[in-house]
1. Filter segment 209-221 down to the residues that are surrounded by 17 or more Cβ atoms within 10 Å (Cβ to Cβ) and not polar (S, T, N, Q) and list them by number.
2. Which numbered condition trips up I136, out of (1) more than 20 Å from T117 (Cβ to Cβ); (2) under 16 Å from the mean Cα position of the chain (by Cα)?
3. Could you say whether any residue in segment 70-80 is among the basic types (K, R) and more than 16 Å from the chain's Cα centre (by Cα)?
4. When the residues of segment 92-103 are filtered to those that are over 14 Å from the mean Cα position of the chain (by Cα) and of a type outside the set (A, V, I, L, M), which remaining residue is modelled with the lowest pLDDT?
5. Residues I48, I77: which one is assigned to a loop (DSSP other than H, G, I, E, B) and at negative phi?
6. Suppose we filter F57, F29 for residues that are surrounded by 15 or more Cβ atoms within 10 Å (Cβ to Cβ) and either in a loop (DSSP other than H, G, I, E, B) or modelled with pLDDT of 55 or more (or both); which single one remains?
7. Need the failing condition index for T83 against (1) over 22 Å from Y161 (Cα atoms); (2) assigned to a strand (DSSP E or B), just the number.
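The values are calculated or read from the model by the stated rules, or taken from the named source; none is laboratory data. Keep in mind that what you see is a predicted model, and the values were worked out from it rather than measured. Here the Cβ positions follow ideal geometry from the backbone for every residue, glycine too, while neighbour counts run over all protein chains shown.
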Amino acid sequence: MNVKVFLAFILSFILFQFCIAQDDDEYVFKNKGKTNKKSISNKSIYDIPNPDYTSYFLSPTAFTITKRDFRLASNDIIFFKATYGLTDKTNISLNTTLFGSVIGSLKHSIDIDENQTLSFSGSFGDFTASIKDTNILFTGADACFTFGDHQNNISVGTGFYYIKSSIDIFYDRKEFYAHVISFGLQNQIAKKTYIMVDGYYFTNYSILTAAAGFKFVIRTRYTLNAGIMPVLWNDIRSSRYNVKPTMIPVISFRMLIERF
């Protein structure tokens, strides 16, 4: 397979890390998570919680959803993720795509103090679960640190991932690993509007992908994210400085279903 196919798998992984409404006047503000202290002085902006606080466009935050809650996410109508809160600090997730990929993950968060959260997660699965006689197994672990609350925060993380395939994927190789550094920023700019910037840098392949755009809260339990996703990589076949860019749109829809 060529570099473009390899990049497709990288993008698939990134989007895996990723993703019962009621009216505003019926919503009871429950302090289930970390809410902004500014709500005391500027309640007109901060009185509606952020229903999607466990990730940005691509990369995760250190936060977890609470016990018995569900989070459903879809990126570009191709990538899907379902998350369930085993406890307030431990979540399990299942990631899949229209191509039949199946990857499971487990995430645990630790509150360091009121505005500092650390999380650890591990993942395992098959990128080609529905394709006969083809297996591309994926496994990895990462850590993420988030400073801030559910509405305004900054996150940094790092992770190691290993892929083993039954077919050649990258320059006649059937297995390889990746080390990534992730980052994310979210800021609430209106009552139901956030601005987000995040991304991944693959240190051993010189690939940078990021996303920037807006999050819109619909009613109280839905969010719609819309932005752009630039990808930059070095073509190592010709020159380590031969940077090749591309740009794609990214749209994601998320929903939080609170405990029964």
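1. Residues satisfying the conditions are A210, A211, A212, G213, K215, V217, R221.
2. (2)
3. no
4. F99
5. After applying the criteria, what remains is I48.
6. F57
7. (1)
Here is a yes/no grid of residues against (1) touching a Pro at 6+ places or on another chain (Cβ under 6 Å); (2) at pLDDT 95 or above; (3) more than 24 Å from T117 (Cα to Cα):
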position	(1), (2), (3)
I169	no, no, yes
F176	no, no, yes
N187	no, yes, no
S206	no, no, yes
F214	no, yes, no
A226	no, yes, yes
I236	no, no, yes
P245	no, no, yes
I257	no, no, no
